[in-house]
Amino acid sequence: MIKIKVSEIFTSFQGEGPYIGTPATFLRLYGCNLNCPWCDTDISTYEILSVDEVFEILMTQMEFNNIRILVITGGEPTLQMEELKRLIKEIPDEIKIQIETNGSIFEYVPEIDYVISPKEDKETVFKNYYKYDNVFFKFVICSQEDIDEVIYLKDKYNYDKTIWLQGEFSKDGEMADLIRENFPHLENVKLSVQTHKYLNQR
Ligand code: SF4
């Protein structure tokens, strides 16, 4: 039986990125291959569940709340991609599936939408994914260097799709100022704010 390490399953509003404000059911998987200094993911507990058990819990929450978007997040969900592929096969077609990943493990599944937030070796991550239509990029901004890197990638790869820029939470106001100074007309750039944290939501 195929098992998945699950941190939590819950239904809420998407708090950040391209789908902000949309009601969704979240499947948060346990574990990450990176160690970002600002990471706020709770790694204290997880449950080991079968694919069938996860499917049942998801469907119950989605049907009860009339939800049509499933967000698979982490940690780093692609660490359990083989298990996830089994789960994704079971999800009905009318449910849109979105995965939130740091992109460091190249795993492309055409049926799902990607929100990629590159944390390390950002150019390799960008190069691997930027050509796909169903991929959105969201960069965490901690400094001018992070913005310079986004400008470099946009120019080098002639990327004119929208990129979401999200100030690191502890200084997101300061970073919003920096983003505005660098992109005065916000050309193909949108500000992402972690609204769920301000609203005390998950
Ligand atoms: S990639 Fe995301 S989950 Fe992993 S350590 Fe960094 S912030 Fe945390």
How much of the DSSP bridge set in the chain is antiparallel, in percent, rounded to the nearest 5?
30 percent
Mean-square fluctuation check for the chain, GNM, Cα pairs under 10 Å: which of Lys190, Lys138, Lys85 is largest?
Lys85
Working out 0.36 nm times the residue gap between Thr11 and Phe64, then minus their Cα-Cα distance, what length gain in nm do you get to one decimal?
18.1 nm
Violating pairs (Cα-Cα greater than 24 angstrom) within the set Lys119/Lys154; Lys156/Lys190; Lys89/Lys127; Lys154/Lys197; Lys127/Lys197
Lys89/Lys127; Lys154/Lys197; Lys127/Lys197
Please give the Cα centre distance for the range 36-80 versus the range 1-35, rounded to the nearest Å.
4 Å
Using only the alpha-carbon atoms, how far is helix 172-182 inclined from the longest principal axis of the chain? Give it as 0 to 90 degrees, nearest 10.
50 degrees
Run the helix sum for the chain: -39,500 (n - 2.57) per DSSP H stretch of 4+ residues, divided by residue count, reported at 222 nm to the nearest 500 deg cm²/dmol.
-9000 deg cm²/dmol
Can you give the angle from 0 to 90° between the axis of helix 81-90 and the longest principal axis of the chain, with both taken from C-alpha atoms, to the nearest 10?
60 degrees
Can you tell me the relative contact order of the chain? Whole percent, Cα pairs under 8 Å, sequence separation 6 or more.
18 percent
Fewest-first ranking of Asp146, Asp93, Asp42, using other Cβ atoms within 10 Å as the exposure measure:
Asp93, Asp42, Asp146
For the Cα atoms of the chain, what angle does the longest principal axis make with the long axis of helix 144-156, in degrees from 0 to 90, nearest 10?
90 degrees
May I ask for the net charge around Tyr152, where only other residues with Cβ less than 13 Å from the Cβ of Tyr152 are counted and Lys, Arg are +1 while Asp, Glu are -1?
-2
Relative counts (whole %) of C-alpha pair distances in the chain, using bins that are 10 Å wide:
8, 35, 37, 17, 3, 0
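We did not get these values from a lab; they are worked out from the coordinates using the rules stated. Source: prediction; values computed, not measured. Counting neighbours? That spans all protein chains shown, and the Cβs are built from the backbone with ideal geometry, glycine included.
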